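A quick write-up on the structure given underneath.
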Amino acid sequence: MFGILRVSGIGLRVTPLVSSRGLAATAVVSPGPVRRRRKTTHFTDELNKGPSFDDFVSGKAADMSVDPLEAARQDPNARLPAWLKVPIPKGKSFHALKEDVRELKLATVCEEAKCPNIGECWGGKKSEATATIMLLGDTCTRGCRFCSVKTSRTPAAPDPMEPENTAEAISRWGLGYVVLTTVDRDDLADGGSHHLSATVEKIKQKAPRILVECLSGDFRGDLEMVKVLASSPLDVYAHNMETVEDLTPHVRDRRAMYRQSLAVLQTAKETNPALVTKTSLMLGLGETDEQVLQTLKDLRAIQCDVVTFGQYMRPTKRHMKVVEYVKPEKFEYWKDVALDLGFLYCASGPLVRSSYKAGEAFIENVIKKRRRNVGVPKEVEMKEDMLMNQ
């Protein structure tokens with residue numbers, strides 16, 4: 001008897017052929033089940049974000065915290081801490097300002113950055129409402145690790161008509177307070193100082209009652225350019241320190257130095273002592289209490305008037321991670337410390353940003369305290385009374 005060989009795929013099965021006498025005459029090879037090669041298991045860093053097996057065995061897993069914002073990005077239904085929630089913006093003032101922004105084609109940081117406080121800043125009395133207008137384009141020449149603004153070595157040239165157009169739009173807006181801010185323009189010889197100064201002057205010409213705050217860069221440490229802006233008819237000169245000295249090289253662009261920022265605020269105050277100088281700090285970057293306290297002391301040493309504290313929020317996964325979500329009670333603590341050190345005003349909270357309710361802060365707090373401490377001309381006092389009662 002002849003044997004039969006059957007081949008199918010890569011599997012072979014041999015079956016003996018048995019004769020009538022029970023003897024194996026030959027063998028038949030028939031197809032068997034095909035064995036598939038198992039996919040190689042790859043481990044990624046995603047698995048390393050959570051607790052390990054040893055952490056569960058030792059009981060340490062219960063103490064390991066999860067980044068709530070990162071969890072929210074992965075799970076839309078994940079809950080954020082209560083102190084990071086804000087009500088939906090609403091009210092007549094909010095919607096009126098929103099319509100004005102659309103009609104006048106203004107670019108506001110409030111909307112561009114999706115600021116959580118837009119409802120508060122835009123929702124109060126019009127004389128106290130605050131909007132932050134962005135000048136000199138939307139592209140920065142620096143790349144700080146906390147900021148999501150676009151960067152380029154060669155941004156578009158400034159619009160020469162921007163000061164005139166911005167002043168015209170704001171004069172029609174009818175606000176009591178406006179904040180002008182700008183990206184860093186290291187590509188410009190003056191860093192944009194004369195452009196900002198011209199915008200302030202145009203605003204004051206068209207709307208003398210509007211109080212103007214300018215949140216500027218450091219002009220690459222060129223203090224003469226700081227003097228140009230400080231000599232304009234500005235009311236508040238703001239420049240953000242962002243973080244403590246030890247963390248500055250890790251958080252900010254290498255061209256933005258701690259002592260350089262202090263020099264900007266000090267020069268602005270020395271150039272125009274009537275100016276209110278202002279800065280902002282982010283918490284949650286890994287700073288210590290001692291470092292924050294030293295920063296506040298450094299600011300008071302140069303007579304900085306106003307400071308704000310806010311929680312650092314990671315814009316995207318490409319930016320530096322949040323080290324700590326600071327609780328509201330700690331923000332209250334830093335507010336008390338700042339006021340005890342002599343700051344005229346301090347806004348402090350997880351959702352506070354540098355321009356947070358700036359109009360209210362200036363009109364209701366800074367002006368009143370300045371009146372008590374410094375003699376104010378009668379005509380200026382009448383102007384301020386009118387603003388506060390609008």
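Per-structure values
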| quantity | calculated |
| --- | --- |
| Sites matching trypsin sites (Lys or Arg not before Pro) across the stretch 282-344 that sit in DSSP coil, with at most 14 neighbouring C-beta atoms within 10 Å | Lys317, Arg318, Lys321 |
| Per-residue Cβ neighbour rank within 10 angstrom, fewest leading, Ser197, Ser348, Ser152 | Ser152, Ser197, Ser348 |
| Alpha carbon centroid spacing (whole Å) that separates the stretch 262-279 from the stretch 155-199 | 20 Å |
| Label-point separation in nm, Asp336 to Ser231, each point 7 Å along Cα→Cβ | 4.5 nm |
| Sorted by Cβ density within 10 Å, fewest first, the residues Asp340, Asp305, Asp187 | Asp340, Asp187, Asp305 |
| Extension gain (nm, one decimal) between Leu293 and Asp222, 0.36 nm per residue minus Cα-Cα | 22.8 nm |
| Qualifying trypsin sites (Lys or Arg not before Pro) for the stretch 167-270 [loop in DSSP, other Cβ within 10 Å: at most 16] | Arg209, Arg254, Arg255 |
| Which listed pairs, of Lys297/Lys335; Lys278/Lys335; Lys150/Lys278, have C-alpha distances above 22 Å, in listed order | Lys150/Lys278 |
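Every number here is computed from the coordinates shown, using simple stated rules; none is lab data. Keep in mind that this is a model prediction, so the values were computed, not measured. Virtual Cβ from ideal backbone geometry, glycine too; neighbours counted across all protein chains shown.
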